[in-house]
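Undergrad: Have a look at this one.
The values are calculated or read from the model by the stated rules, or taken from the named source; none is laboratory data. Model, not experiment: these values are computed from the prediction. Backbone-built Cβ (ideal geometry, glycine too); neighbour counts: all protein chains shown.
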Amino acid sequence: MTIRTSQLNTWYDNIRLRPAMYLGNTDTYGFKQLLEYLFSDILKQNSENPVFDITFLPDNKIVLRFSGISTDKIPGSLAQMQKEDSTMTELGLPVIIALSTEITITINSTDRSYTFHGMKGSFESHTNSITTGEPVMIVEATIDMSILKNFHFHYDHLTGFFRQFTFLNPGLKIIASDKTNNDFQRNVFLAPRGIFDQLDYYASKNIHYSDFSGVEIEDSINDYSYQITISAISCYPYQPFTKTYAGNTELYYGGSLQDGILDGVTQVIRQAAEKQNTKVLINRKKLKQQLTIIAAVKGKDYSYAGSTKRKLDMPQLRKDVKTLVANKLLNYFSSSPEITDKLLGRFLDLRT
């Protein structure tokens, strides 16, 4: 999405007048989207062991501290935003600037310190003294509740978002603190193995059934990197489920990534059944009833079916994923015949 200046309004006026156009809604979902835009854009900077520290304070104030990142390009981006006729292709900083009644951004780069101060989108900058400290960016913002009028802060509603974001970005550490009242809370989220840790998290709740530990697939094809885990476990209170992601966005309606995985699994099960002269009854619905699948793809560009960006539409990606999954499963099953037998048992054609 691109933010443009119109003849009548500045870029930040456009955000403030139509916040749901950029956030999807003005409730908790919209606030999470605001954070997702900001976190995603910060991660695009050169980073090594990034740490995002976010503190929630009374009166709708938040303080975010970003370290372990390169900050050299951020002052230039903020300076560009000061031009009211600017066009923005990244939403992270523009959206939080526009939707804050007051905001201060302090940046330590490799050679200088910068401070940007704004109110409701309009802001000014100052170049401070030369610094040799750690590259860091600190954002202190007061969220404009007249814009996010349906957002009611609940710390517990946001911890799931932080946990999921670290699952999708291995190596990122998020430290969250709630200081909005006397019941201080602090959580640290870190998932070094990405979505493989996500499956472990669900399984740790209570494994209801497990006879197939699962397959972990991690590879890159045609400039896209994949993490895919396929398992035949049910994690109470969860039934087998499928979750797929493109970047940091969950694909609620599936699409090419999900279809490619199911294509690959179907191919391998049918080949194994033919090899054993066994009849199986297999279709997508039954596969999703029997398998827990979590998968994420990372790349520069994604194509979607429809305007909601919740269903991936990339035919070549589907073919690549099918081949990737089929090859990995064939290797796994060839070395684990007992697992093959157990899995085939779930798809036996019992019709007479």
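Undergrad: Going through segment 305-344 one residue at a time, which ones are among the hydrophobic types (A, V, I, L, M, F, W, C), buried (at least 17 other Cβ atoms within 10 Å of the Cβ) and within 29 Å of the chain's Cα centre (by Cα)? Can you show your working first?
TA: Applying the first criterion (among the hydrophobic types (A, V, I, L, M, F, W, C)) to segment 305-344 yields 305, 312, 314, 317, 321, 324-326, 329-330, 333, 339, 343-344.
Add one more test, that the residue is buried (at least 17 other Cβ atoms within 10 Å of the Cβ), and what stays is 312, 314, 317, 321, 324-326, 329, 333, 339, 343-344.
Those that are among the hydrophobic types (A, V, I, L, M, F, W, C), buried (at least 17 other Cβ atoms within 10 Å of the Cβ) and within 29 Å of the chain's Cα centre (by Cα): Leu312, Met314, Leu317, Val321, Leu324, Val325, Ala326, Leu329.
Undergrad: Considering Leu34, Leu99, which residue is surrounded by 19 or more Cβ atoms within 10 Å (Cβ to Cβ), aliphatic (A, V, I, L, M) and either outside the structural domain of Thr180 (by TED's automatic domain parsing) or in contact with a strand residue (DSSP E or B) (Cβ under 8 Å, 6 or more places away or on another chain) (or both)?
TA: Details: Leu34 fails: either outside the structural domain of Thr180 (by TED's automatic domain parsing) or in contact with a strand residue (DSSP E or B) (Cβ under 8 Å, 6 or more places away or on another chain) (or both).
Among Leu34, Leu99, only Leu99 is surrounded by 19 or more Cβ atoms within 10 Å (Cβ to Cβ), aliphatic (A, V, I, L, M) and either outside the structural domain of Thr180 (by TED's automatic domain parsing) or in contact with a strand residue (DSSP E or B) (Cβ under 8 Å, 6 or more places away or on another chain) (or both).
Undergrad: If you don't mind, another one. Any residue in segment 180-193 that's part of a strand (DSSP E or B) and surrounded by fewer than 14 Cβ atoms within 10 Å (Cβ to Cβ): show its pairings with residues that are at pLDDT 95 or above and small (Gly, Ala, Ser) at Cβ separation under 9 Å, as long as the two are six or more apart or on different chains.
TA: Cβ pairs passing all conditions: Arg186/Ala176; Arg186/Ser177; Val188/Ala176.
Undergrad: Go through segment 323-352 residue by residue and tally those that are assigned to a loop (DSSP other than H, G, I, E, B), of a type outside the set (Gly, Ala, Ser), at pLDDT 80 or above and over 18 Å from Thr266 (Cβ atoms).
TA: 0
Results for (1) in contact with a Leu (Cβ under 9 Å, 6 or more places away or on another chain); (2) among the polar types (S, T, N, Q); (3) on the phi > 0 side of the Ramachandran plot, shown as yes or no for each residue.
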{"residue": "Asp259", "(1), (2), (3)": "yes, no, no"}
{"residue": "Leu262", "(1), (2), (3)": "yes, no, no"}
{"residue": "Val265", "(1), (2), (3)": "yes, no, no"}
{"residue": "Gln271", "(1), (2), (3)": "yes, yes, no"}
{"residue": "Lys279", "(1), (2), (3)": "yes, no, no"}
{"residue": "Ala295", "(1), (2), (3)": "yes, no, no"}
{"residue": "Ala305", "(1), (2), (3)": "yes, no, no"}
{"residue": "Lys319", "(1), (2), (3)": "no, no, no"}
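Undergrad: Considering only residues that are among the small types (Gly, Ala, Ser) and over 21 Å from Ser70 (Cβ atoms), look in segment 114-140 and name the one that is modelled with the highest pLDDT. Show your work before the answer.
TA: To start, the set of residues in segment 114-140 that are among the small types (Gly, Ala, Ser) comprises 118, 121-122, 125, 129, 133.
Going one step further and asking which of them are over 21 Å from Ser70 (Cβ atoms), we end up with 118, 121-122.
Numbers: Gly118: 86, Gly121: 72, Ser122: 74.
Going through the qualifying residues, I end up with Gly118.
Undergrad: Take Ser109 and decide whether it is at pLDDT below 90, buried (at least 17 other Cβ atoms within 10 Å of the Cβ), among the polar types (S, T, N, Q) and over 24 Å from the mean Cα position of the chain (by Cα). Steps first, please.
TA: Values: at pLDDT below 90: yes; buried (at least 17 other Cβ atoms within 10 Å of the Cβ): yes; among the polar types (S, T, N, Q): yes; over 24 Å from the mean Cα position of the chain (by Cα): yes.
Yes; evaluated as a whole, the condition is true for this residue.
Undergrad: Also: Determine whether segment 284-307 contains at least one residue that is acidic (Asp, Glu), part of a loop (DSSP other than H, G, I, E, B), closer than 27 Å to Lys32 by Cβ and in contact with a strand residue (DSSP E or B) (Cβ under 9 Å, 6 or more places away or on another chain).
TA: Taking segment 284-307 as the starting set, the residues that turn out to be acidic (Asp, Glu) are 301.
Within this subset, residues satisfying the condition of being part of a loop (DSSP other than H, G, I, E, B) are 301.
From the residues that got through so far, the ones that are closer than 27 Å to Lys32 by Cβ too are 301.
Next, only the ones that are in contact with a strand residue (DSSP E or B) (Cβ under 9 Å, 6 or more places away or on another chain) stay: none.
No.
Undergrad: Does Ile96 satisfy the condition of being touching a Gly at 6+ places or on another chain (Cβ under 7 Å) and either assigned to a strand (DSSP E or B) or at pLDDT 85 or above (or both)? Outline the logic, then answer.
TA: Details: touching a Gly at 6+ places or on another chain (Cβ under 7 Å): no; either assigned to a strand (DSSP E or B) or at pLDDT 85 or above (or both): yes.
Taking the combined requirement at face value, the residue does not satisfy it.
Undergrad: Taking segment 232-286 on its own, how many of its residues are at pLDDT 90 or above, of a type outside the set (Phe, Trp, Tyr) and within 30 Å of Tyr29 (Cα to Cα)?
TA: 18
Undergrad: Which residue out of Asn283, Asn248, Asn277 is without any contact (Cβ under 8 Å) to a residue 24 or more places away in the chain and more than 21 Å from Tyr332 (Cα to Cα)? Step through it out loud before you land on a result.
TA: Details: Asn248 fails: without any contact (Cβ under 8 Å) to a residue 24 or more places away in the chain; Asn277 fails: more than 21 Å from Tyr332 (Cα to Cα).
From the options Asn283, Asn248, Asn277, the qualifying one is Asn283.
Undergrad: Here is a further query. Going by what's in this entry, would Phe151 be described as in the same structural domain as Phe31 (by TED's automatic domain parsing), farther than 30 Å from Ser70 by Cβ and either touching a residue at least 60 places away in the same chain (Cβ under 8 Å) or not in a loop (DSSP other than H, G, I, E, B) (or both)? Give the derivation first.
TA: Working: in the same structural domain as Phe31 (by TED's automatic domain parsing): yes; farther than 30 Å from Ser70 by Cβ: yes; either touching a residue at least 60 places away in the same chain (Cβ under 8 Å) or not in a loop (DSSP other than H, G, I, E, B) (or both): yes.
Taking the combined requirement at face value, the residue satisfies it.
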